[in-house]
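Contents: one structure, followed by commentary.
Every number in this text was worked out from the coordinates using simple rules, so none of it is lab data. In this text the structure is predicted, and so the values were computed from the model without any measurement. When we count neighbours, we look across all protein chains shown, and the Cβ atoms used for this are built from the backbone with ideal geometry, even at glycine.
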There are 4 protein chains.
Amino acid sequence: MNAAHGAAADAKETARIEAFSDGVFAIAITLLVLDLKVPRGMAEGRDLLAALVGQWPAYLAFVTSFATIGIMWINHHRMFTLIRRTDDGLLVLNGLLLLGVTFVPFPTGVLAEYTPRAAGRVAAAVYSGTYVAIAVFFNLLWWYAAHRKRLLRSAADRAVVQAITRAYSIGPLCYALAFGLAFQSVAASLVLNLALAIFWALPSQNPLVKKGMGEAP
Amino acid sequence: MNAAHGAAADAKETARIEAFSDGVFAIAITLLVLDLKVPRGMAEGRDLLAALVGQWPAYLAFVTSFATIGIMWINHHRMFTLIRRTDDGLLVLNGLLLLGVTFVPFPTGVLAEYTPRAAGRVAAAVYSGTYVAIAVFFNLLWWYAAHRKRLLRSAADRAVVQAITRAYSIGPLCYALAFGLAFQSVAASLVLNLALAIFWALPSQNPLVKKGMGEAP
Amino acid sequence: MNAAHGAAADAKETARIEAFSDGVFAIAITLLVLDLKVPRGMAEGRDLLAALVGQWPAYLAFVTSFATIGIMWINHHRMFTLIRRTDDGLLVLNGLLLLGVTFVPFPTGVLAEYTPRAAGRVAAAVYSGTYVAIAVFFNLLWWYAAHRKRLLRSAADRAVVQAITRAYSIGPLCYALAFGLAFQSVAASLVLNLALAIFWALPSQNPLVKKGMGEAP
Amino acid sequence: MNAAHGAAADAKETARIEAFSDGVFAIAITLLVLDLKVPRGMAEGRDLLAALVGQWPAYLAFVTSFATIGIMWINHHRMFTLIRRTDDGLLVLNGLLLLGVTFVPFPTGVLAEYTPRAAGRVAAAVYSGTYVAIAVFFNLLWWYAAHRKRLLRSAADRAVVQAITRAYSIGPLCYALAFGLAFQSVAASLVLNLALAIFWALPSQNPLVKKGMGEAP
């Protein structure tokens, strides 16, 4: 087998893992709506309206989880634009990340159910704790692929790779902060979670974009 | 990096965003069936039949949401046949649109539950209000991409672009009308929602088709 | 625009409709499992076993719907190997077919709930009635595409097209028979539904295969 | 039709079956989260925490099913890298495998509900029994494709094919052991199921990798 043939086969393999992962991201992000429950037994319009408005923590959890899974999808995709081949270790670590992503609707449901209540702190801690784990899985996946540029495209710039490594390593710390905040203030913890998703969506914060990775051939 | 290489990378990026969006559209449209509840505890066939027939608002909501998401999918696809490259702004605005699309099963469930009851007007207003928001997101996405043809294919005809801008800008107004109608008549509001989906499905109403966009190289 | 360019764009369009339809088929077929309910509150293993075995109509409905959606997917795919371009009419008729497919989990749930009970006949009639509608939509889609070979590949053999038209036209009749049987015997109606799916899965019954359509360039 | 044209059409067909199967795998693996139930009515944080921790069998079932479907997806994909064309028999056997995969969330839910209770042995037996069936379907699919290399790429190495046949044939036996263990010890049966998924994820255990199948052109 010549090198060109092998590179084509590698590209097909990584494309397939990416397509499967995309499917899981798309399904997980769409299943979040099942955590929004239709209020039952409201007699009057004003009762229904009050019940719908009273569910604001559920909408906040829905939007936060949607934004967070969306950002994870974008970053997963950007990471794979640098990865040129796969191996079984990558498959397993990618599987671990997807395990975390498919789990998200559950803590989202816990948060939606308990936010305005006494048990809200535990719910918020479980929610942020899930993101700590996912952020760790994200870093494991990246470290595994990027270590000595093991699975990266040879054209990948060392400075870009290091910038990504630094940027991703902040993720677990940020979510750990949100985890800790949950025990002080549920609202502060949730706002931090949502703010993180919005912050990471800003173009200037992304080393893969800022450093021109998208421009690398 | 030469221009041809860059164009190929751009095409791959937009194709991927489209594929992810398609997945979300397909899942959201298929999850609508979960808003149809199997009647429980019917002793006789006639009771079951009566219970099934009595759920007509749920079927109407199912069909209307299906048709509306379907039309949004078709238009999203048509829009992307004109878009030749993406950036972070487009990603965020596309994410906002998908947030609206994944939310649809929830107001559909509210509508299915409350249509024939006193709280139906609030339910119909929530339902149409969701579409107002989605139609606004749709316009934001298009305006962002089409402003000075920022992200459009250079071959895109200015007259076609302007015709699309005009056609899309009517969307929020139509859904706002359905929103207002909800407080007068639930039936009129729902019929308008369904009529809009059917109207926009008609070939002659679509400037992308009428003006021959599909023919542009 | 030259003809080769147009043909490529047409192929891309039909591929995209097929991909979206495939997504809807895959999701609908996987959502069927949600109609299987975990028995609650069984104290002993023998109670759980009895409860699980007692749910046999739900498994039968699950397998029958799975097989039927699977066959519809295969035939939809085969149909699209003959279709070389799309138009808005095809989009709408394909949407009508997908509406039917996404609806299937609901009558499957009704059937699973009521099969061994007095209301079973109504449930079985609703179930078969859904397939009558879907089979009609299938024929509409095919007739629309195949009329004077409007949207078909020019190389499509007229004899093959006519054989498919004949084969598909039997579908609504078969399901109408299952619909009628439901009022006489629920078991006979269900067995017919499952038998139809198995029968159509047999290679020799498929004119697209038998007549060598797969061989046509 | 010349041979090159036919090979390209074959490749397109197998790619499409693989894409559909991937969709079903991705959806089934993501639906598993619906088996995790949000505890209702917990007044205090400590109650919620206790309720969440008390659901450990549900998490164990979730992780085990996720890992098992994930491994099945990887193996399905590897199998299809050797298959170069499809026929109706393969379609039907692949459908049988997918039927098993889409069913997995149901026994997972049964296991999650009953593991720490008296009925747990029956639940664990149903769970492992499902995997016995799926492993058998997997072997049927492989035997059908690999018999006299009927549907395999001509370049497929006979020794590799035989190694895969041997490796896959162990699957049903392992799950049958887990099935038998369920009646002795629920914990031992579950640990075996999870251990099997982890074991098969190890690169060195996979003859398709070990024997260099990935290297074959």
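Descriptive notes on the structure:
- Residue-averaged beta-carbon neighbours from other chains (10 angstrom radius) around A:69-75: 3
- 222 nm mean residue ellipticity, helices alone, for the protein assembly as shown (DSSP H n ≥ 4; -39,500 (n - 2.57); rounded to 500): -25500 deg cm²/dmol
- By other beta-carbon atoms within 10 Å, ranking D:V110, B:V161, A:V191 with the fewest at the front produces A:V191, B:V161, D:V110.
- Ranking C:L34, C:P116, C:A159 by how far each Cα lies toward the positive end of the dipole of chain C (charges on Cβ) leaves C:A159 at the top.
- Among the listed pairs B:K37/C:K37; B:K149/C:K12; C:K37/D:K37; C:K12/D:K12; A:K12/D:K149; B:K12/C:K12, those with a Cα-Cα distance over 22 Å are B:K149/C:K12; A:K12/D:K149.
- For segment D:43-120, the relative contact order works out to 59 percent when only alpha carbon pairs closer than 8 Å and six or more residues apart are counted.
- In nm, spacing of pseudo-spin labels at A:R158 and B:A7 (7 Å Cα→C-beta vector): 3.6 nm
- B:L152 long-range amide H proximity, modeled H, under 5 Å: B:R84
- Student exercise, segment A:43-155 dipole from Lys, Arg, Asp, Glu Cβ charges, in Debye to nearest 20: 720 debye
- Shortest first, B:K12 label-point distances to identical copies amount to 1.6, 1.6, 2.3 nm, with the label point at 7 Å from Cα along Cα→Cβ.
- Cα-centre dipole for the protein assembly as shown with unit charges at Cβ (Lys and Arg positive, Asp and Glu negative), debye to 20: 1400 debye
- Shielding by partners, peptide C:97-105 (average Cβ within 10 angstrom, other chains): 4
- Whole-Å distance, taken between Cα centres, linking segment D:99-141 and segment A:37-67: 36 Å
- Sorted ascending by nearby beta carbons within 10 Å, beginning with the fewest, A:F62, B:F199 become B:F199, A:F62.
- Nearest-first distances (nm) between copies at A:S169, label 7 Å from Cα via Cβ: 5.1, 5.1, 7.3
- Mean per-residue shielding of peptide B:84-92 is 3, counting Cβ atoms of other chains within 10 Å of each Cβ.
- Here the Gaussian network model covers chain A, with springs between Cα atoms less than 10 Å apart; of A:A125, A:A26, A:A197, A:A26 fluctuates the most.
- Efficiency of FRET from Cβ geometry, A:L140 and D:S185, R₀ 41 Å, rounded to 0.05: 0.80
- When you restrict to C-alpha pairs under 8 Å that are six or more residues apart and normalise by the size of chain C, the relative contact order lands at 23 percent.
- Label-point spacing at D:H147 relative to the other copies reads 4.5, 4.6, 6.4 nm, in ascending order, each point sitting 7 Å out from Cα along Cα→Cβ.
- Reducing segment B:166-200 and segment D:3-34 to their Cα centroids gives an inter-centroid distance of 39 Å.
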